[in-house]
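Undergrad: Right, I'll just put the structure down here and ask away after.
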Amino acid sequence: MKSFEYTITDEVGIHARPAGLLVKEVKKYDSVINVTKDGKSAEAKKLMALMGLGVKQGDTVTVSVEGGDEEAVAAKIEEFFKNNL
Amino acid sequence: MDKKAGKKIFNGIAIGKIKFYSKKENPVSRVKVEDTDAEIARYEAAKDEAVKQLEQLYEKALVEVGEANAEIFNVHIMMLDDDDFNESVLNIISVQKVNAEYALAATGDNFAEMFANMEDEYFKARSADIRDITERVLSILCGNSESTDIGEEPVIIAAEDLAPSETVQMDKDKLLAFVTRLGSSNSHTAILARTMGIPALAGVEIDPSWDGKIGIVDGYEGICIVEPTMPVLEEYFKKKSADDEQKKLLQTLKGKENITKSGQKINLYANIGNPNDLMTVMENDAGGIGLFRSEFLYLESETYPTEEEQFQAYKKVVETMGGKKVIIRTLDIGADKQANYFGLDKEENPALGYRAIRICLTRPEVFRTQLRALFRASAYGNLAIMYPMIISVDEVRSIKEISKEVRSELAAEGVQIGDVEEGIMIETPAAAVMSDELAKLVDFFSIGTNDLTQYTLAIDRQNAKLDDFYDAHHPAVLRLIETVIKNAHKAGIWAGICGELGADTTLTKTFLKMGIDELSVSPGCILPVRKAVREAE
């Protein structure tokens, strides 16, 4: 398993639009990708669960990638967070 | 006549017939089914149809209200595609052996509740999106075609709540205003109302009996009037035509430079007293904030506001304004602005009394807290500090000493500080007369014409008996203004006006001739003054 931490800079946090984009992004890969905040975890390809985490600006989330080409996928996802969140 | 207050969502004035809009209910009953596979197929088909509708809505919204607002329909499509949501529906159908409508309604309720229980306002407001997509699929399942036909006449829409899909489908030419009981300023309906530029109120105690009656929506005051009396109606017709005029100005003058025919350019900034006014500052296209009265922090509080509270408030303002200049005036309490915890004595002549910088210099701990907060916030934008009620060079020297100490204190703590201009208000005749000396010590002057006029003419503006003696354009005041501008330029600094006189368009030419660099006026006056500048030679 490969994981990284990221602190959200987007003003409204993981809101509908970037959450939707994230879902689209992770659906491209076979790996299981989870986003965890304060012990609560959501699978990144599930929009409502992701929004249900209520991640706000300044919150730090842990993103884990498991299976498949996890190194490369994690790098791609980390890049996505930097660009969109 | 019935008058109801509500939360202001978007400003403007609307007068017209009220249409009470109610959703077609999709009553759902729980029905046992044998063939669960057929129910699942019905659900899938209805969902596909809903996605098709949403794709069309997206295209329509894209043209009418732009990509940012249209995006909501893409989000709805993705919500309908959510694994958890769909699994829940399918699970209820197959386990409970019930109809698709019931399974969907139950799922929608659960998910909407999950969002409604979240702490953050943004996420809370998303429960409306869940209800919206649920209702859409339900309508298809029940065979109800969506109807958002609002008739031929332009109307004020009164409703419990409006889903984004409903507002987008309504004919824009026939919409005068939105008045809802529910909904927040974070809702998509609110955002759409802003984009469409029509007045909107939420939190209003609406009543179905209003349907067909004449109503007024005043988005500035946050009130809604049903069956107004003739005098009220006439008053509002006047207000509305003034408002329309202003909006027309806005359209033609937005984004234009404040430049005279011969090429003289000035800055036009806004005066505000609360961060809530930032929206109107942006709407009226101000180039910056020329006077941000910091008193609200003190007057709205039961005790001295902390450094952190102040820092957050200032940071928010400079961040919202992007790189535009924000001139924050330090505490100007005393005289007519009192906060009990300051424990100020009653005075015989409060206008000539213990106020503003005089409090700051005798209570340096209060002053330092504010300065620390201001300098800390300066790292987040273009912040300038302005000191009020100055009468002498010595005062300015003391202020600069304190300000320097505060800066080095912060630097020692490793706190980042931006480039901060420090200027003074010229609002006493003493400061105007001494402006040549004062100009050597500061970065700018801002002339406070209200106090300057009152002190120069020795006339209390609150006293109606003195109206005959009062002349807002008194040559003594104009001469002082001219002197101040001249002395500023001699020392190589800029001079502006932040008092009411700055918004007096009969004087704009005079000020331009004097070489004024900046006028700071209430947000609603920006565009009329811009017009006067552009018409000047």
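Undergrad: Can you give the translational diffusion coefficient of the stretch B:366-440 in µm²/s, computed by Stokes-Einstein from the Kirkwood radius over Cα pairs at 37 °C and 0.692 mPa s?
TA: Estimated diffusion coefficient is 250 µm²/s.
Undergrad: Please compare each pair in A:Lys37/B:Lys8; B:Lys240/B:Lys509; B:Lys265/B:Lys316; B:Lys174/B:Lys247; B:Lys17/B:Lys248; B:Lys254/B:Lys509 to a cut-off of 27 Å on the Cα-Cα distance and tell me which ones are over it.
TA: Pairs exceeding 27 Å: A:Lys37/B:Lys8; B:Lys240/B:Lys509; B:Lys265/B:Lys316.
Undergrad: Quick one: net charge around B:Glu319, please, counting Lys, Arg +1 and Asp, Glu -1 for every other residue with C-beta under 15 Å from its C-beta.
TA: Local net charge: +3.
Undergrad: Follow-up. Assigning unit charges at the beta carbon (Lys, Arg +1; Asp, Glu -1) and nothing else, what dipole magnitude in debye, to the nearest 20, does the protein assembly as shown show about its Cα centre?
TA: 1680
Undergrad: Averaged over every viewing direction, what's the projected area of the C-alpha convex hull for the stretch B:26-183? Give it in nm², one decimal, please.
TA: The number I arrive at for the stretch B:26-183 is 9.8 nm².
Undergrad: Given a 1.4 Å probe and every protein chain left where it sits, what share in percent of the accessible area of the protein assembly as shown is carbon and sulfur?
TA: Looking at the protein assembly as shown in its full context, I get 48 percent from C and S.
Undergrad: Based on alpha-carbon atoms only, what is the radius of gyration of chain A relative to the globular estimate 2.2 N^0.38 Å?
TA: That ratio works out to 0.95.
Undergrad: Same structure again: Would you work out the relative contact order for the stretch B:333-400, in percent, from Cα pairs under 8 angstrom that are 6 or more residues apart?
TA: 27
Undergrad: Sticking with this structure for a sec: Taking a temperature of 25 °C and a viscosity of 0.890 mPa s, what whole-number D in µm²/s does Stokes-Einstein yield for the stretch B:1-117 with Rh from Kirkwood over alpha carbon pairs? Intermediate results must be reported in sequence, preceding the final value.
TA: Values: Rh = 17.3 Å.
So the translational diffusion coefficient is about 141 µm²/s.
Undergrad: State the answer as a single residue: which of B:Asn276, B:Ser398, B:Val63 lies farthest towards the positive end of the charge dipole of chain B, with beta carbon charges of +1 for Lys and Arg and -1 for Asp and Glu, about the Cα centre.
TA: Of the options given, the answer is B:Ser398.
Undergrad: Further question: Mind checking how much accessible area B and A bury in total, 1.4 Å probe, in Å² rounded to 100? The partial results should precede the final answer.
TA: Details: alone 25220 and 4950 Å², together 28550 Å².
Interface between B and A: roughly 1600 Å².
Undergrad: Let me ask something additional. Could you tell me the ratio Rg/Rh of the stretch B:456-515? Both radii from Cα atoms, Rh via Kirkwood.
TA: Taking Rh as the inverse mean 1/r over Cα pairs, Rg/Rh reads 1.03.
Undergrad: Here's another thing I want to ask about it. Please compute the modelled spin-label separation between B:Met279 and B:Ala68, points set 7 Å along Cα→Cβ, answer in nm with one decimal.
TA: The modelled label-to-label distance comes out at 1.4 nm.
Undergrad: Summing -39500 (n - 2.57) over the DSSP H runs of n ≥ 4 in the protein assembly as shown and dividing by its residue number, what mean residue ellipticity at 222 nm do you reach, to the nearest 500 deg cm²/dmol?
TA: Rounded to the nearest 500, the figure is -14000 deg cm²/dmol.
Undergrad: Using Cα-Cα distances under 8 Å and only pairs 6 or more residues apart, what relative contact order does the stretch A:19-69 have, in percent? Please report the intermediate quantities before stating the final value.
TA: Working: 68 pairs, mean separation 21.3, N = 51.
Relative contact order here is 42 percent.
Undergrad: If you don't mind, another one. If you take the charge dipole of the protein assembly as shown about its Cα centre, with +1 on Lys and Arg Cβ and -1 on Asp and Glu Cβ, which of A:Leu22, B:Val31, B:Gly524 is farthest toward its positive end?
TA: Farthest towards the positive end: B:Gly524.
Undergrad: Averaging over every viewing direction, what projected area does the convex hull of the Cα atoms of the stretch B:417-482 cover, in nm²?
TA: Values: hull surface 22.1 nm².
Mean shadow area of the hull around the Cα atoms is 5.5 nm².
Undergrad: Against the empirical 2.2 N^0.38 Å scaling, what ratio does the C-alpha Rg of the stretch B:194-293 come to? Write out the running numbers ahead of the final one.
TA: Working: Rg = 17.8 Å, N = 100, 2.2 N^0.38 = 12.7 Å.
With N residues counted in the stretch B:194-293, Rg over 2.2 N^0.38 Å equals 1.41.
Undergrad: Enter the accessible area per residue of the protein assembly as shown (Å², integer; probe 1.4 Å; all protein chains in place).
TA: 46
Undergrad: With all pairs of different alpha carbon atoms counted, what Kirkwood hydrodynamic radius in Å does the stretch B:371-529 show?
TA: Numbers: mean 1/r = 0.0596 Å⁻¹.
About 16.8 Å for the stretch B:371-529.
Undergrad: Let me ask something else about it. Amide H neighbours of B:Val521 under 5 Å, at least 5 residues apart or on other chains, H built in the peptide plane: list them.
TA: B:Tyr269, B:Ala270, B:Asn271
Undergrad: Quick one: what are the phi-derived ³J(HN,Hα) couplings along the stretch B:339-356, Karplus 6.51/-1.76/1.60 with θ = phi - 60°, whole Hz, x for glycine and proline?
TA: Working through the residues one at a time gives 10, 4, 5, 6, x, 7, 6, 5, 10, 6, 10, x, 5, 9, x, 7, 8, 6 Hz.
Undergrad: Amide H neighbours of B:Ala472 under 5 Å, at least 5 residues apart or on other chains, H built in the peptide plane: list them.
TA: Here the answer is none, since no amide H 5 or more places off falls under 5 Å of that of B:Ala472.
Undergrad: Restricting attention to the alpha-carbon atoms of the protein assembly as shown, what are Rg (one decimal) and Dmax (integer), both in Å?
TA: Looking at the protein assembly as shown, its Cα Rg and Dmax stand at 29.4, 94 Å.
Undergrad: Just add up the charged neighbours of A:Asp38: K/R +1, D/E -1, any other residue whose Cβ is under 15 Å from the Cβ of A:Asp38.
TA: -1
Undergrad: Another question about this same structure. Evaluate the charge dipole of the stretch B:255-311 about its Cα centre and quote only its size in Debye, nearest 20, assuming +1 on the Cβ of each Lys and Arg and -1 on the Cβ of each Asp and Glu.
TA: Using only the charged Cβ atoms, the result is roughly 660 debye.
Undergrad: Which residues in the stretch A:31-54 place their backbone N less than 18 Å from a point set 7 Å from the Cα of A:Met1 along the Cα-to-Cβ direction?
TA: Under cut-off, by backbone N: A:31-46, A:50.
Undergrad: Helix B:67-80 against the longest principal axis of chain B: what's the angle in degrees, Cα atoms only, rounded to the nearest 10?
TA: That helix lies at roughly 40 degrees to the long axis.
Undergrad: I would also like to ask the following. Can you give the relative contact order of the stretch B:410-537 as a percent, counting alpha carbon pairs under 8 Å and 6+ residues apart?
TA: 23
Undergrad: With only Lys, Arg, Asp and Glu charged, each at its Cβ (+1 for the first two, -1 for the last two), find how big the charge dipole of the stretch B:62-106 is about the Cα centre; round to the nearest 20 debye.
TA: The calculated dipole for the stretch B:62-106 is roughly 320 debye.
Undergrad: Additional query: Based solely on C-alpha atoms, express the radius of gyration and the Dmax of chain B in angstrom.
TA: 28.9, 94
Undergrad: Rank B:Phe111, B:Ala128, B:Ser88 by how far each Cα sits towards the positive end of the charge dipole of the stretch B:88-131 (+1 on Lys, Arg Cβ; -1 on Asp, Glu Cβ) and give me just the farthest.
TA: Towards the positive end, the residue furthest out is B:Ser88.
Undergrad: When you have a sec, figure out the Kirkwood radius of the stretch B:345-408 from all distinct Cα pair distances and drop it here in Å to one decimal?
TA: Mean inverse Cα-Cα distance, inverted, gives 13.0 Å.
Undergrad: To continue, here is another question. Over the Cα atoms of the stretch B:76-169, what is the Rg over Rh ratio if Rh follows Kirkwood?
TA: 1.03
Undergrad: Angle check, please: helix A:16-26 long axis (alpha carbons) against the longest principal axis of chain A (alpha carbons), in degrees 0 to 90, nearest 10.
TA: Result, in degrees: 0.
The values are calculated or read from the model by the stated rules, or taken from the named source; none is laboratory data. Computed from a prediction, not measured in an experiment: that's the story for all the values here. When we count neighbours, we look across all protein chains shown, and the Cβ atoms used for this are built from the backbone with ideal geometry, even at glycine. These accessible areas exclude ligands, DNA and RNA; they are computed on the full protein's heavy atoms, side chains included. Shrake-Rupley method; radii C 1.70, N 1.55, O 1.52, S 1.80 Å.
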